Amino acid sequence: MNIFIKTFTVIFLLLPASVFATTAVVEINTDDQNINALEGTLILPESANVREIQTGNSVILIWIEKPHQIENIISFAGITPGGFSGIYPVFTIHGVFTKEDIEQIRFESVLALKNDGTGKNTPVNMSLSLVAFKADAELPEEFTPTIATDPNIFDGKHFLVFATQDKNSGIDRYEVREGRWGWFKEAESPHLLKYQRLDRDVYVKAIDNTGNERMVIVSARAYGAWLESYGLFAILIMIVFVALTYNIKRYGYDL
């Protein structure tokens, strides 16, 4: 064990001091403007090594073009119905960078639209901030999933919109289950609902990168939810009733 520790220490000391694995958050600052749409590109130096891009903490609820990398360019575009104003994360980058890499990163072709019905472009500030690693024992922040419809999304069918943040390790994924029984499945916002009658409770999990999870329930809107909750109990009562009736007729029991 001592030999291993000494060998690891020597290797570590020989690595260039300016090279490090890191997590960086792309943020938007709208100042006092309320916006509902954002698009742009992030230009990276060719020496930067991006390993993963995550959107779990994003203020953007519906991605038209989810952040993705082609060569040294990360493109992104999305909307947030209802709009937002202030400072918020847009997406997170995990990778290996040098200090020089971070200094050379720049944003281009950034377009933000006002949430005032005019759809006019408004200036915003985009930035990249390093995130220090720390132990994460906290749950993702509380959030409220919403069921919505829009003629331009999923052909007007009901869908679920959800988003939250985790300030320590970041959101890894979301999982959704419709109804009290069955399995959770990984999902992205917006999520097309399978049961369009809205007769089942919808369970939404937000899971961070260390495994902490927060679950929220969206209550069913239709009567079918009651049937799902108590249907099994009603079936059991019917079975008992049929069994008693059969025994009464067969053995002549007097209740």
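Each part reduced to its alpha carbon centroid, segment 177-197 and segment 95-126 end up 33 Å apart. In this structure the amide hydrogen of residue 110, modeled in the peptide plane, comes within under 5 Å of the amide hydrogens of 41, none closer than 5 places in sequence on its chain.
The residues 75, 109, when put in order of fewest to most other Cβ atoms within 10 Å, stand as 109, 75.
Around residue 33, under 13 Å between beta carbons, what's the net of Lys plus Arg minus Asp minus Glu among the other residues? Net charge around residue 33: -1. The calculated FRET efficiency for residue 129 paired with residue 153, based on their beta-carbon distance and R0 = 35 Å, is about 0.65.
The alpha-carbon of residue 157 sits under 19 angstrom from the alpha-carbons of these aspartates and glutamates, leaving out residues fewer than 8 places away in its chain: 178, 188, 199, 201. Computed from label points 7 Å out along Cα-Cβ, the spacing between residue 185 and residue 87 is 4.0 nm. Applying 0.36 nm per residue to the separation of residue 142 and residue 34 and subtracting their alpha-carbon distance, the gain on full extension is 36.6 nm. Ignoring aspartates and glutamates fewer than eight residues from residue 167 along the same chain, the ones with Cα atoms less than 15 angstrom from its Cα are 27, 136, 138, 141, 142, 208, 213. Shown for 32, 150, 166: other C-beta atoms within 10 Å of each C-beta, ranked fewest to most, produce the order 32, 150, 166. Computed over segment 71-160, relative contact order equals 12 percent, with contacts defined as Cα pairs under 8 Å that lie 6+ residues apart. A simple charge model with +1 on the Cβ of Lys and Arg, -1 on the Cβ of Asp and Glu and nothing else charged puts the dipole of segment 171-217 at about 240 debye relative to its Cα centre.
Read the figures in this text as sums done on the coordinates, not as results from a lab. Computed from a predicted model, the values in this text were never measured in an experiment. All Cβ positions, even for glycine, are placed from backbone atoms using ideal geometry, and neighbour counts span all protein chains on display.
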